[in-house]
Amino acid sequence: MKIIIINGPNLNLLGKREPEIYGNSSFKDYFETLKNKFPHMELEYFQSNIEGELITKIQEVGFSYDGIILNAAAYTHTSIGIADVVKAIETPVIEVHISNTFSRENFRHQSFIAPNTKGIVIGFGLKSYDLALASFIQ
């Protein structure tokens, strides 16, 4: 099973950025933990702060991978382009957020992406990625 985790803007700062919300681990370190925890899955990771690069990557993998775990970060609440590409592809997408977006600012309560996904996992810290990966296991 081939799964890619795609992270959006500022998630490259995990471990440094607002540790009270996002924790102290970098995503690259956590990704190694995920690969060890799910050895039967072929896991890849991509991160970009640029909306167009995220769209291009989703287009590249959206017809050939078994699943996409997408944390579009702030683009979740602003990007019709990312919502459109998630709707256009065949690969199922799980939307993930580290923090509970509903306990934060009001603008974070809206996701343009969620209506086009298989499901969403919100608010379990980095464990949100574990839960999303587990959802692909039949």
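Please treat every number below as a calculation from the coordinates, not as lab data. Please read all numbers here as calculations on a predicted model, not as lab measurements. Glycine also receives a Cβ, built like all others from the backbone with ideal geometry; neighbour counts cover every protein chain displayed.
Just want the answer: with Cβ charges of +1 for Lys and Arg and -1 for Asp and Glu, which residue in 72, 33, 56 is farthest toward the dipole's positive end in segment 3-98? Going by the Cα projections, it comes out as 33. Based on C-alpha pairs under 8 angstrom that are at least 6 apart in sequence, the chain has a relative contact order of 25 percent. Counting only Cα atoms, the size of segment 52-106 along its three principal axes is 35, 20, 16 Å, in decreasing order.
What's the long-distance tail for segment 16-88, i.e. % of Cα pairs beyond 15 Å? Of all Cα-Cα distances in segment 16-88, 63 percent exceed 15 Å. Remark: spin-label model distance residue 80-residue 40 equals 4.3 nm, labels positioned 7 Å along the Cα→Cβ axis. Suppose R0 equals 25 Å; then what is the FRET efficiency for residue 59 and residue 12 from their Cβ-Cβ distance, rounded to the nearest 0.05? It comes out at approximately 0.70. Across all Cα atoms of the chain, the radius of gyration (one decimal) and Dmax (whole number) stand at 13.7, 39 Å.
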